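Can you read through this structure? Questions will come right after.
Read-outs: derived from the displayed coordinates by stated rules, not from any lab. Note that the structure is a prediction, hence the values are computed from the model and not measured. Quick reminder, even Gly has a Cβ in these numbers, built from the backbone with ideal geometry, and neighbours come from all protein chains shown.
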Amino acid sequence: MANLSQIQVDGTTYDICDTTARDSISQINSKFPVFTTTPGTILWSGGGWYMADNQDALLTYPVSSCMLGITIAFQAYTDAVQDYDARYFFVPKNHVIEHPGMGVDFILFTNTFAYIGAKYLYIWDTHIKGNANNTSTGTTNGITRANNHWVMTKVIAT
């Protein structure tokens, strides 16, 4: 298993800092991924979207250009985006590469359980699409959900 200063390519572990182990620049470029998006870069910021089925957030850089993946930020919404009930979720780059467009559940709740909700997003390399249930409210199996309590506010490179 490679540690943080190593990378594993086709079953071989390489030390990222050991330039003597590499034959040429072309070999480095073919074996080592190039990360072009700096961690912390905002890939999308739409002011707060429920991510309904008609909403498609286009990312400024692909997830594949990020070092580890993306962090999706949600915040409470009551007539406007609120500065409370913030939640952050990490989505690994490998998930997006290996399963483009696969739906991902994000379970949301407040610390007092006054609001419980979920978002279901379809995540591709260059965009994130919402689902019709992301604005739903109601009671299922005794749990009252308020999916409309949260909106997606940012997608951040990690």
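Going by average Cβ density within 10 Å per residue, which order do the peptides 148-155, 93-100, 115-122 take, highest to lowest? Before the final figure, lay out each step's value.
Values: 148-155: 22.4, 93-100: 15.0, 115-122: 18.9.
The densest-packed peptide leads the list: 148-155, 115-122, 93-100.
Would you grab the residues whose amide H sits under 5 Å from the one on TYR115? Only those 5+ places off in sequence or on another chain, please, with H modelled 1.01 Å from N.
Under 5 Å from the amide H of TYR115 lie the amide H atoms of THR110, each far enough along the sequence or on another chain.
Near GLY103, within a Cβ-to-Cβ distance under 12 Å, what is the net charge of the other residues, with Lys and Arg +1 and Asp and Glu -1?
Working: positive: LYS119, LYS129; negative: ASP53, ASP105.
The answer is 0.
Tell me, what ³J(HN,Hα) does each residue in region 76-82 have, in order and in whole Hz, if you take phi through Karplus 6.51 cos²θ - 1.76 cosθ + 1.60 with θ = phi - 60° and put x for Gly and Pro?
5, 9, 9, 6, 5, 5, 9
A further question on this structure: Can you give me the long-range amide H partners of THR158? Hydrogens built in the peptide plane at 1.01 Å from N, cutoff under 5 Å, separation of 5 or more residues or another chain.
The list, which skips near neighbours in sequence, is GLY40, MET67, LEU68, GLY69, ILE70, THR71.
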